[in-house]
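Working notes, beginning with the structure itself.
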Amino acid sequence: MIIGIGVDVVEVSRFAEQLRRAPALRQRLFTPAERNLNLRSLAARFAAKEAVAKALGAPAGMNWQDCQVVCDATGDPHLEITGTVAAVAEAKGVQRWHLSMSHDGDIATGMVLAEGSLQ
(Lines give C-alpha, C1' and ligand atoms only; values in the text may rest on other atoms or scores of the structure.)
Protein backbone atom coordinates (compact mmCIF):
# COMPACT_ATOMS: atom_id res chain seq x y z
CA MET A 1 0.00 0.00 0.00
CA ILE A 2 1.21 3.52 -0.75
CA ILE A 3 1.63 5.48 2.49
CA GLY A 4 2.72 8.71 0.82
CA ILE A 5 4.40 10.29 -2.16
CA GLY A 6 6.54 13.37 -2.41
CA VAL A 7 8.23 15.34 -5.14
CA ASP A 8 10.41 18.43 -5.07
CA VAL A 9 12.17 20.57 -7.66
CA VAL A 10 15.26 22.66 -6.91
CA GLU A 11 16.72 25.44 -9.03
CA VAL A 12 20.44 24.63 -8.84
CA SER A 13 21.69 28.22 -9.19
CA ARG A 14 19.35 29.44 -6.44
CA PHE A 15 20.43 26.56 -4.21
CA ALA A 16 24.10 27.44 -4.86
CA GLU A 17 23.41 31.03 -3.81
CA GLN A 18 21.76 29.85 -0.58
CA LEU A 19 24.79 27.69 0.24
CA ARG A 20 27.12 30.59 -0.52
CA ARG A 21 25.19 33.01 1.70
CA ALA A 22 24.84 30.52 4.56
CA PRO A 23 27.81 28.10 4.57
CA ALA A 24 26.53 26.33 7.72
CA LEU A 25 23.52 25.20 5.68
CA ARG A 26 25.64 22.50 4.04
CA GLN A 27 26.39 20.98 7.46
CA ARG A 28 22.76 21.23 8.59
CA LEU A 29 21.24 19.65 5.47
CA PHE A 30 23.75 16.97 4.55
CA THR A 31 25.55 14.10 6.23
CA PRO A 32 29.36 14.09 6.18
CA ALA A 33 29.27 11.53 3.34
CA GLU A 34 27.10 13.85 1.21
CA ARG A 35 28.71 17.24 1.87
CA ASN A 36 31.52 17.11 -0.69
CA LEU A 37 29.42 16.02 -3.66
CA ASN A 38 29.10 18.34 -6.64
CA LEU A 39 26.45 21.05 -6.55
CA ARG A 40 23.97 19.33 -8.88
CA SER A 41 24.15 16.13 -6.81
CA LEU A 42 23.60 18.12 -3.61
CA ALA A 43 20.60 19.87 -5.13
CA ALA A 44 19.08 16.54 -6.19
CA ARG A 45 19.67 15.10 -2.71
CA PHE A 46 18.05 18.13 -1.14
CA ALA A 47 15.05 17.64 -3.43
CA ALA A 48 14.92 13.97 -2.39
CA LYS A 49 15.00 14.89 1.31
CA GLU A 50 12.20 17.41 0.76
CA ALA A 51 10.25 14.69 -1.08
CA VAL A 52 10.71 12.34 1.90
CA ALA A 53 9.30 14.99 4.24
CA LYS A 54 6.33 15.49 1.92
CA ALA A 55 5.72 11.74 1.66
CA LEU A 56 5.58 11.64 5.47
CA GLY A 57 3.18 14.58 5.70
CA ALA A 58 5.89 17.16 6.53
CA PRO A 59 5.91 16.60 10.30
CA ALA A 60 7.80 19.10 12.45
CA GLY A 61 11.03 18.15 14.15
CA MET A 62 12.64 15.94 11.53
CA ASN A 63 16.44 16.21 11.33
CA TRP A 64 17.75 16.58 7.76
CA GLN A 65 20.77 14.42 8.56
CA ASP A 66 18.49 11.52 9.55
CA CYS A 67 17.83 11.00 5.84
CA GLN A 68 20.72 10.19 3.54
CA VAL A 69 20.81 9.33 -0.14
CA VAL A 70 23.38 6.63 -0.91
CA CYS A 71 24.19 4.90 -4.16
CA ASP A 72 24.75 1.18 -4.55
CA ALA A 73 27.54 -0.42 -6.59
CA THR A 74 25.62 0.18 -9.84
CA GLY A 75 25.00 3.85 -9.01
CA ASP A 76 21.31 3.45 -8.16
CA PRO A 77 20.28 5.75 -5.30
CA HIS A 78 18.38 4.65 -2.24
CA LEU A 79 17.45 6.14 1.12
CA GLU A 80 18.99 5.39 4.48
CA ILE A 81 16.86 6.77 7.27
CA THR A 82 17.61 6.94 10.99
CA GLY A 83 16.54 8.85 14.08
CA THR A 84 13.68 11.31 13.68
CA VAL A 85 12.86 10.32 10.09
CA ALA A 86 12.88 6.60 10.91
CA ALA A 87 10.60 7.22 13.90
CA VAL A 88 8.01 9.06 11.81
CA ALA A 89 8.24 6.47 9.02
CA GLU A 90 7.74 3.62 11.48
CA ALA A 91 4.76 5.36 13.11
CA LYS A 92 3.17 5.73 9.67
CA GLY A 93 3.88 2.10 8.69
CA VAL A 94 6.52 2.76 6.02
CA GLN A 95 8.39 -0.45 5.21
CA ARG A 96 10.00 0.41 1.88
CA TRP A 97 11.11 3.52 0.00
CA HIS A 98 11.28 4.14 -3.74
CA LEU A 99 13.48 7.02 -4.90
CA SER A 100 14.16 8.69 -8.21
CA MET A 101 16.38 11.74 -8.72
CA SER A 102 17.38 13.68 -11.79
CA HIS A 103 19.07 16.89 -12.81
CA ASP A 104 19.14 18.66 -16.13
CA GLY A 105 20.52 22.09 -16.75
CA ASP A 106 19.58 24.26 -13.78
CA ILE A 107 16.87 21.95 -12.37
CA ALA A 108 17.22 19.05 -9.94
CA THR A 109 14.29 16.84 -8.90
CA GLY A 110 13.59 14.21 -6.30
CA MET A 111 10.59 11.88 -6.21
CA VAL A 112 9.84 9.51 -3.32
CA LEU A 113 7.18 6.89 -2.73
CA ALA A 114 6.72 5.44 0.77
CA GLU A 115 5.27 1.94 0.76
CA GLY A 116 4.01 -0.11 3.67
CA SER A 117 0.94 -0.88 5.72
CA LEU A 118 -1.21 1.58 7.62
CA GLN A 119 -0.73 1.44 11.37
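The values are calculated or read from the model by the stated rules, or taken from the named source; none is laboratory data. This is a predicted model, so every value here is computed, not measured. Positions of Cβ are backbone-derived with ideal geometry, glycine not excepted, and every protein chain shown enters the neighbour counts.
Worth pointing out:
- Which listed residue, of 53, 108, 16, is aliphatic (A, V, I, L, M), touching a helix residue (DSSP H, G or I) at 6+ places or on another chain (Cβ under 8 Å) and in contact (Cβ under 8 Å) with a residue 40 or more places away in the chain: 108
- The stretch 43-61, subset in contact with an Asp or Glu (Cβ under 8 Å, 6 or more places away or on another chain) and over 11 Å from residue 101 (Cβ atoms), residue surrounded by the most Cβ atoms within 10 Å (Cβ to Cβ): 50
- Considering 28, 21, the condition of being touching a residue at least 12 places away in the same chain (Cβ under 8 Å) and out of contact with any strand residue (DSSP E or B) (no Cβ under 7 Å at 6 or more places or on another chain) is satisfied by 28 alone.
- Hits in the stretch 40-74 (condition: modelled with pLDDT under 95 and out of contact with any strand residue (DSSP E or B) (no Cβ under 8 Å at 6 or more places or on another chain)): 58, 59, 60, 61, 62, 63, 64, 65, 73, 74
- For the stretch 62-100, filtered to residues that are without any contact (Cβ under 8 Å) to a residue 12 or more places away in the chain and of a type in the set (Asp, Glu), the residue that is surrounded by the fewest Cβ atoms within 10 Å (Cβ to Cβ) is 72.
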